[in-house]
Each structure stands twice: as structure tokens, then as C-alpha cells.
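Only one structure is covered here, and it is reproduced in the block below.
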Amino acid sequence: MSCACPDPECVVPGAHPFDPGLLAATTDARMIRWWWSSRRPEAPVLLATGGRAPCAVSLPAVAGARALAALDAQGMRLGPVVASPTRWAILVAPYDLERLGELLYAKDSVPSSLRFHGDGGYLPLPPSTTGTGQVRWERAPLEGSARPWLPDVEAVVDALVEASTSMPGGGSRLAY
């Protein structure tokens, strides 16, 4: 899949904002319908993360499945989980970089395959198609829920680090 952006060698096709940064972001249903029907029907749905919006932690898909199984076994309550063929993202409550930095500093190591989607970040949501394929819900938000429940990043990060480091190469392979 090629990207609609002007970069012919885009490394994340369909997984980033096209219009001026996130300035074109909206929750207005009329604007979204116009974009999809008239302007860019192939445009991805992107969640602007951080601030008062949800944040996310993503990791390679195989590690994501392991982490989800471990969190389920612990009885951890999770919110929505987004899956692409290569990566899974667990949506978490908003966090700031200072809080995240303190949390990660306390760890012996953090695999480079983990990505943190906070302030100024974004995450493709279903039904988007990115360069790696179709984005889907592994765990969809509850039907009719305007604001899904989200765990704190502290509650899930240990399981995500453990699942990532148990992968071949210790989770250091950074893949889209």
C-alpha cells in the first residue's frame, strides 16, 4: 500500500496524519462524513493521544497477545485494544511524559519494541488500513460508550515489558 502523503518513501503508510499535523482533527460527525464521502474516503481514522484523550502503549502483535493473556490471567480490567497484523495497542488513561519517565526509570530495562503514544501522538483506529494491513479491534469499546474505561499505564506496563522481553531478541526489534 502506498501512502496518500507527498513522501514517496513513507515508512508508515496510512498510519499518520495527512492534513496539517493534527490541526484537522475533529469529533464532528458531519465533518468526518464529508471527509470520507467527498475528500478522502480511504483516509485512516486516527486517535490523537494525550491531553484529556486516551493514551496507548503498543508492542509487536505476538507479544501483545501474550501480554493480553497474562493480564487476563491476573484478572486485570482492560479497555479497548487495537490490533494490526504487526502491532497491538492497549489504550490507557492519559499520562504525561514526566510520569511515564519515572515509571520507566524504575525498570531494569525497557524493550525498544514498546511504543508509548502520549501527548502529540496518534494511533490508527479501525477500520483504517495501514502499510501493514487492516486495523481491527482485538477488544472493542463497549457499545454506546462515549468514554471507555481505561486502565492506568502503571497497571499494564509490567506485563507489556515482560511479554516483549520474552520474545526472540529480548524485544529489541523495533517493527511497525
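The values are calculated or read from the model by the stated rules, or taken from the named source; none is laboratory data. Every value quoted in this text rests on a predicted model; they were computed, and no experiment measured them. As a convention, Cβ positions derive from the backbone with ideal geometry for all residues, glycine included, and neighbour counts pool all protein chains shown. Keep in mind that these areas ignore ligands, DNA and RNA; they rest on the heavy atoms of the full protein, side chains included. Shrake-Rupley method; radii C 1.70, N 1.55, O 1.52, S 1.80 Å.
Which shape class, rounded, prolate or oblate, goes with region 59-148 when its Cα gyration tensor gives a ≥ b ≥ c as root eigenvalues, a/c under 1.5 marks rounded, and past that a/b bigger than b/c marks prolate?
rounded
Working note: Debye formula, equal point scatterers on the alpha-carbon atoms of region 107-156, no solvent; log10 I(q)/I(0) at q = 0.15, 0.23 Å⁻¹ is -0.65, -1.25. Given their separation in residues at 0.36 nm each and the Cα-Cα distance between them, R33 and R147 gain 38.9 nm when the chain is fully extended. By a 1.4 Å probe calculation restricted to protein chains, D158 has an accessible surface near 90 Å², given to the nearest 10.
If we count every other residue with Cβ under 12 angstrom of P124's Cβ, Lys/Arg +1 and Asp/Glu -1, where does the sum land? Summing Lys/Arg as +1 and Asp/Glu as -1 gives +2.
Largest first, how would M31, M167 line up by accessible area (1.4 Å probe)?
Values: M31 75, M167 40 Å².
The ordering from most to least exposed comes out as M31, M167.
For region 39-119, which GluC sites (Glu not before Pro) pass both filters: DSSP loop (anything but H, G, I, E, B) and at most 15 other C-beta atoms within 10 Å? Write out the running numbers ahead of the final one.
On the way: sites: E42, E98, E102; in loops: E42.
Loop-located and lightly packed - E42.
For the pair D7 and D108 in one chain, pulling the backbone fully straight at 0.36 nm per residue adds 32.6 nm over the alpha carbon distance.
Subtract the Cα-Cα distance of D72 and R99 from 0.36 nm times their separation in residues, and report this length gain in nm to one decimal. Please report the intermediate quantities before stating the final value.
On the way: separation 27, 0.36 × 27 = 9.72 nm, distance 2.50 nm.
Net length gain for the segment: 7.2 nm.
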